[in-house]
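Since the structure comes first, as C-alpha cells, the remarks are kept for the end.
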Amino acid sequence: MKFKILAILTVLAVLAVPAFAQDNRLTVAGSTTVLPIAQAAAEAYMDMHPEINISVRGGGSSVGIASIIAGTADIGNASRHAKTKELATARENGINLYENVVANDGIAVVVNPSNSINGLTTAQLKSIYAGEVQNWKELGGPNKPIVIISRDTSSGTFEVFNNLVMSDSPVAAGALKLASNNAVATTVSNTPGAIGYVGLGYLNASIKAITIDNVMPTKKTIQNKEYPIARTLHMYTNGKPTGLAKKFIDFIVSAKGQEIVEGQGFVSIN
Amino acid sequence: MDFKEKIFQSITYIASICTIVFLFGIILSLFFEGLPVLNFTSIKDFLFSKDWYPTMFPPKFGILSLIAGSFVVTLGALVISIPLGLGAAIYISEIANKRVKEILKPLIELLAGIPSVVYGLFGMAFLSPFLIKVFQVPIGLNAFNASIILGIMVVPIISSMSEDALSTVPNSLREASLALGANKWETIMKVVLPAAKSGVISSIILGFGRAIGETMVVLMVAGGAAQIPDSIFDPVRPMPATVAAEMGETAIGTPHFHALFGIAIILFIITFISILIIEFVVMRRKK
C-alpha cells in the first residue's frame, strides 16, 4: 500500500513538472540580427528571475515568423516586417501576427580603410551595386576595381538594403554574396577594393564606414531617420503579447532593456 | 532457437530496417518538396538558365551558374588532391619504412578530423588576403580559394583509401616485377598501381562526392556570386552553399523554398551516380 501511494505520487510529480514549467519557460527563435539582443536580454532577465527559463534560437527572420505560425516559439524575431504571404498563412492557421518593435538598426556602408573615398550618394551606391560603376577612380577614388560585397539574397539585411538602396533592381551577378555580417566585415577589412554593408553593431576599427547622402550612420541620425538605410527590428507574437512573453518584451523596451540593445551595437527606440 | 539469440537477431534486423526507412523518408521528402519547383519554371529553364535571382520580382530560378560553380571548385579540388593524396599513398605504402609509416598515416588522417568550419575560417582569414597579395587579384574569396581548401580536405580520403588498395596488392607481384629487372619506380607505376586501380578510382570518386557535397567551406570562401566564372579567380556560388545560405530565410512553401529542394535533388542525383560508379568499379574487380 505504502509503495502504491509512493508510486502514484511519483507519477503525479513527473506529470506536474512540465505543467509547472510551462509558465516559466519562454522560447524565442528567429532572425540572426535580433539574436544577440534576445540572448543578452534573456540572460539579464533570467539573472533577475532565476525561476524563469528562456531559450533563444537563431534560424533567420522567416524561421522566426514561421515558428509563431507553427506555434513552436512564443516570440519570433524578425529583422523585417512580415510579408503579405506570411500574414495570409498566419490568418489561415488562426494566428494573429503581432509586431513588437524592440530596436533600431542602421546598415552602415563600409570600405577598406585604405580607400580614400569618404562618402557616396544613394544613387552612386546603387550604380556600384548594379555593376555600372566598376572602378573607384570613376568616383574620385584610387584606380582599383570595385569588389562588390553583398549579403545573401535571402537575408533580412539584404532585403532592407535591396529595398532602400536598390529599389528592388538586381545586384550585379558578380557581387560576392556572403552569409553573415561578420563575413562581410572580415572580407572588407582584407580586400583593398571592397565595398560592403553591415549592421551598425558590426562596425570596427578594421573597416571604414562612409557617409551616405552626407549623413554618417550614427545613433542620432538613425533615430531621427536622417540616415537613409535604417530599419526597425521586431519580435512577433501571436496576438498582443501576454504572460511571460509580455513581461520579457516589456523588459526589452524598458530603459534597462534598451541599454542592452545599445550594448549589442544597435540603436535604442527611445 | 535460443531466445536470447532471437532477440539479438530482431534488434539488428530492426536497426537495418530503420536505416532503409530513414533513407527512403529523406529521398521521398526531397522529391516531394523539390519537384513542385517545376510548377514555377520549366525543367529547361531550371537547369540551363544562369539567372539565379530567387528573391526578385518576378523571381528567376536558373541554377546553371550554381552547377558550374560546384563543378569548378570540385574539379579544382581534385586537381590539387589527386597528386597529393596518391603521392602520399604511394609513399606510405611502397617507400616509407615502418616507423615513418606509423607516424605519417595517422597524421594525414588527422586532416580528416578538422571540422570544416575551421577550414573555412582559415580560407577566409588567411588564404583570402594571401591570394590578393600574391596573385594581385581584387577578390580573395573565389573558386581558387575554395578549390585549395576543398583539395586539402579531400587528401586524407584519397590517400587512406588508395593506401589500403595499394597495400592489398600481393607482394608476389612486386617480387616478380623486381625479379624481372624492373626498378622500384617501374614496379610501382606499371605493376602495383594498375593492380590497385579500382581502389584508387573509388577513392577519387569518393573524394569527388565529398568535395561536391561540402557545404561550410564553399559557403565561407567561394564568394557566393551566382555567375559562370570567367577565370578561377572569380567568385562562384556552389549548390550546397546556396541551399545552406538561403533555406533559413525562406518562407516555407514558396517557389524559392521548392527551388532550394530542387537544387538538393540535383546534388543528390550527382552523389548517387558517383556512388553507383564506385559500386560498379568494386563489383567489376570482384568478378
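The values are calculated or read from the model by the stated rules, or taken from the named source; none is laboratory data. The structure displayed is predicted, hence computed values, not measured ones. Every residue, glycine as well, gets a Cβ built from its backbone with ideal geometry; the counts of neighbours run over all protein chains shown.
General observations
- Top-ranked residue in the stretch B:113-141 [being in contact with a Ser or Thr (Cβ under 8 Å, 6 or more places away or on another chain) and touching a residue at least 40 places away in the same chain (Cβ under 8 Å); ranked as farthest from the other protein chains (Cβ to nearest Cβ)]: B:Ser116
- Counting only strands (runs of 3 or more DSSP E) wholly contained in the stretch A:48-166, the ones carrying 1 or more residues that are among the small types (Gly, Ala, Ser) and farther than 30 Å from B:Gly140 by Cβ occupy A:53-59, A:75-78, A:97-111.
- Matching option when the condition is more than 18 Å from the chain's Cα centre (by Cα) and buried (at least 18 other Cβ atoms within 10 Å of the Cβ), among A:Ala183, A:Ala194: A:Ala194
- Neighbours by Cβ (under 6 Å, 6+ apart or cross-chain): first from the stretch A:51-76, within 14 Å of chain B (Cβ to nearest Cβ) and aliphatic (A, V, I, L, M); second assigned to a loop (DSSP other than H, G, I, E, B) and crowded, with 22+ Cβ neighbours inside 10 Å: A:Ile65/A:Ala82
- No other residue among B:Ala176, B:Ala182 is over 16 Å from B:Ser81 (Cα atoms), among the hydrophobic types (A, V, I, L, M, F, W, C), surrounded by 16 or more Cβ atoms within 10 Å (Cβ to Cβ) and over 26 Å from the mean Cα position of the chain (by Cα) apart from B:Ala182.
- Residues of the stretch B:94-150 satisfying the condition of being in contact with a strand residue (DSSP E or B) (Cβ under 7 Å, 6 or more places away or on another chain) and not in a helix (DSSP H, G or I): B:Pro138, B:Ile139, B:Leu141, B:Asn142
- Selection status of B:Leu166, surrounded by fewer than 20 Cβ atoms within 10 Å (Cβ to Cβ) and more than 30 Å from A:Ile195 (Cα to Cα): no
- Put simply, of A:Ala13, A:Ala21, A:Ala38 the only residue that is modelled with pLDDT under 85 and within 24 Å of A:Gly239 (Cβ to Cβ) is A:Ala21.
- Criterion: away from chain B (no Cβ under 11 Å) and either surrounded by 16 or more Cβ atoms within 10 Å (Cβ to Cβ) or within 23 Å of the chain's Cα centre (by Cα) (or both) - qualifying residue of A:Lys137, A:Lys177, A:Lys144, A:Lys126: A:Lys126
- Residue ID - nearest to the chain's Cα centre (by Cα), chosen from residues in the stretch B:41-54 that are within 14 Å of another protein chain (Cβ to nearest Cβ) and of a type in the set (Phe, Trp, Tyr): B:Trp52
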